[in-house]
């Protein structure tokens, strides 16, 4: 059977699945947001390794051992739709399977799914990305100028790593500060980071539902050049329509972005109606294959796609592979860090964009000896 241009013989079957959590380390500790406490510095992304026909695929996976047991021996063509998307029952193993398929084809995953009019990875594809690391790291400081300077330095650090676009956590007054004082500090921080980004950089804010409609309007009055406002308050069509009317009246062109967390079931309808501009479902759940369909629908109605990716570090390296398939793809969300045993050296962030490597699969390397050590300590193997 031919899948995404790859001939898969009937005797190719899933031979084994291994799973472990790998130690990760962010550039610095991720602080609080409007809802949650300190996010930490040391994530432990779950990684699965599959072996099929002498080819190893690996990637993020929350698969359970008993689920993997039921998949061993399955013909590999059963896992995929004709276009290469992973079928829904098998998506807990989606990223290792897609990595395997790209390696079997000798192509980046990006090229398996790209539109006919999109450049190939061989052409040096560069996808815009943004630094997502600007949390509430200033709460220990008493005055706003000092806090703004603290966050400015963090943005400068991101700029030194190649970033030009930044997403800032806001909503300090929802939980951690007096509401008025928190709003004032949010505005000071936005202005400081915008100076680092400069006129060519894009600045987004993410309130994690920590604002009211009127608080957001005040922020937009004082920082009108934001690229988008994300999860300003819990999804509400009436409030979004009020916001759109108000922004039009005041000639504010910030886009409305939503969908990262516990999104409304009506979000896609609102996007198709022009109420929401940017949809941000997560790259891990619902996942890459689901995003192929989501992105196609958003392209049809002129809405934009910006898959959320945070908490795993490895997610940095999968989202951009959707960009060739989705015309309205906006950004890769970049959570700077390293994961033990994972070689990410083929990826480069320069001038606000990440280069998709012209390598098979997702273009990552895995030290199998290190993975085996972590599996022995915290994981399992089937097959």
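When residue 341 is evaluated against the numbered criteria (1) touching a residue at least 24 places away in the same chain (Cβ under 8 Å); (2) surrounded by fewer than 20 Cβ atoms within 10 Å (Cβ to Cβ); (3) over 17 Å from the mean Cα position of the chain (by Cα), which criterion, by number, is the only one it fails?
Exception for residue 341: condition (2).
Can you confirm whether residue 23 is out of contact with any strand residue (DSSP E or B) (no Cβ under 7 Å at 6 or more places or on another chain), closer than 21 Å to residue 376 by Cα, surrounded by 15 or more Cβ atoms within 10 Å (Cβ to Cβ) and not assigned by TED's automatic domain parsing to the domain that holds residue 133?
Values: out of contact with any strand residue (DSSP E or B) (no Cβ under 7 Å at 6 or more places or on another chain): yes; closer than 21 Å to residue 376 by Cα: yes; surrounded by 15 or more Cβ atoms within 10 Å (Cβ to Cβ): yes; not assigned by TED's automatic domain parsing to the domain that holds residue 133: yes.
Considered against the rule, which asks whether it is out of contact with any strand residue (DSSP E or B) (no Cβ under 7 Å at 6 or more places or on another chain), closer than 21 Å to residue 376 by Cα, surrounded by 15 or more Cβ atoms within 10 Å (Cβ to Cβ) and not assigned by TED's automatic domain parsing to the domain that holds residue 133, residue 23 comes out as yes.
Looking at this structure, is residue 382 touching a strand residue (DSSP E or B) at 6+ places or on another chain (Cβ under 9 Å) and surrounded by 22 or more Cβ atoms within 10 Å (Cβ to Cβ)? Let's see the steps before the verdict.
Values: touching a strand residue (DSSP E or B) at 6+ places or on another chain (Cβ under 9 Å): yes; surrounded by 22 or more Cβ atoms within 10 Å (Cβ to Cβ): no.
The answer is no for residue 382.
Which condition breaks for residue 289 when tested against (1) touching a residue at least 40 places away in the same chain (Cβ under 8 Å); (2) not in a helix (DSSP H, G or I)?
(2)
Only one of (1) in a helix (DSSP H, G or I); (2) out of contact with any strand residue (DSSP E or B) (no Cβ under 7 Å at 6 or more places or on another chain) fails for residue 251. Which number is that?
Only one criterion is unmet by residue 251, namely (1).
Just to be sure, is residue 162 touching a strand residue (DSSP E or B) at 6+ places or on another chain (Cβ under 6 Å) and farther than 27 Å from residue 234 by Cα?
yes
Could you identify the single residue in 62, 95 that is within 27 Å of residue 280 (Cβ to Cβ) and not in a loop (DSSP other than H, G, I, E, B)?
Values: 62 fails: not in a loop (DSSP other than H, G, I, E, B).
From the options 62, 95, the qualifying one is 95.
Output the number of the condition that residue 174 fails; it satisfies all remaining conditions of (1) closer than 25 Å to residue 309 by Cβ; (2) surrounded by fewer than 20 Cβ atoms within 10 Å (Cβ to Cβ).
So the condition that residue 174 fails would be (2).
Could you run through the range 113-126 and say how many residues are touching a helix residue (DSSP H, G or I) at 6+ places or on another chain (Cβ under 6 Å) and surrounded by 20 or more Cβ atoms within 10 Å (Cβ to Cβ)?
Of the residues in the range 113-126, 1 are touching a helix residue (DSSP H, G or I) at 6+ places or on another chain (Cβ under 6 Å) and surrounded by 20 or more Cβ atoms within 10 Å (Cβ to Cβ).
Take the residues of the range 265-286 that are out of contact with any strand residue (DSSP E or B) (no Cβ under 8 Å at 6 or more places or on another chain) and closer than 19 Å to residue 94 by Cα: which is modelled with the highest pLDDT?
286
Looking only at the range 72-101, which residues are over 26 Å from the mean Cα position of the chain (by Cα) and over 13 Å from residue 18 (Cβ atoms)?
If the condition is that a residue be over 26 Å from the mean Cα position of the chain (by Cα) and over 13 Å from residue 18 (Cβ atoms), then 73, 74, 75, 76, 77, 78 are the ones that fit.
Please find, within the range 262-282, the residue that is surrounded by the fewest Cβ atoms within 10 Å (Cβ to Cβ) out of those that are part of a helix (DSSP H, G or I) and touching a residue at least 24 places away in the same chain (Cβ under 8 Å).
Residue satisfying both the conditions and the ranking: 272.
Kindly provide the set of residues from the range 127-150 that are buried (at least 18 other Cβ atoms within 10 Å of the Cβ) and in contact with a helix residue (DSSP H, G or I) (Cβ under 8 Å, 6 or more places away or on another chain), ordered by number. Let's see the steps before the verdict.
Our first condition is that a residue be buried (at least 18 other Cβ atoms within 10 Å of the Cβ); within the range 127-150, this holds for 127-138, 147-148.
Once the filter is applied, which keeps residues that are buried (at least 18 other Cβ atoms within 10 Å of the Cβ) and in contact with a helix residue (DSSP H, G or I) (Cβ under 8 Å, 6 or more places away or on another chain), the range 127-150 yields 127, 129, 131, 133, 134, 136, 137, 138, 147, 148.
Report yes if residue 324 is buried (at least 17 other Cβ atoms within 10 Å of the Cβ), at positive phi, touching a helix residue (DSSP H, G or I) at 6+ places or on another chain (Cβ under 9 Å) and assigned to a loop (DSSP other than H, G, I, E, B), otherwise no. Before you say what the answer is, go through the steps one by one.
Values: buried (at least 17 other Cβ atoms within 10 Å of the Cβ): yes; at positive phi: no; touching a helix residue (DSSP H, G or I) at 6+ places or on another chain (Cβ under 9 Å): yes; assigned to a loop (DSSP other than H, G, I, E, B): yes.
So residue 324 fails the test.
Take the conditions closer than 24 Å to residue 68 by Cβ and either free of Cβ contacts under 8 Å to residues at least 40 places away in the same chain or in contact with a strand residue (DSSP E or B) (Cβ under 6 Å, 6 or more places away or on another chain) (or both) and apply them to residue 375. Does it pass?
Criteria met by residue 375.
Quick test for you: out of 44, 25, 18, pick the one residue that is in a strand (DSSP E or B) and under 21 Å from residue 334 (Cα atoms).
Exactly one residue qualifies, and that residue is 25.
The values are calculated or read from the model by the stated rules, or taken from the named source; none is laboratory data. The structure displayed is predicted, hence computed values, not measured ones. Cβ: placed from backbone, ideal geometry, glycine included. Neighbour counts: every protein chain shown.
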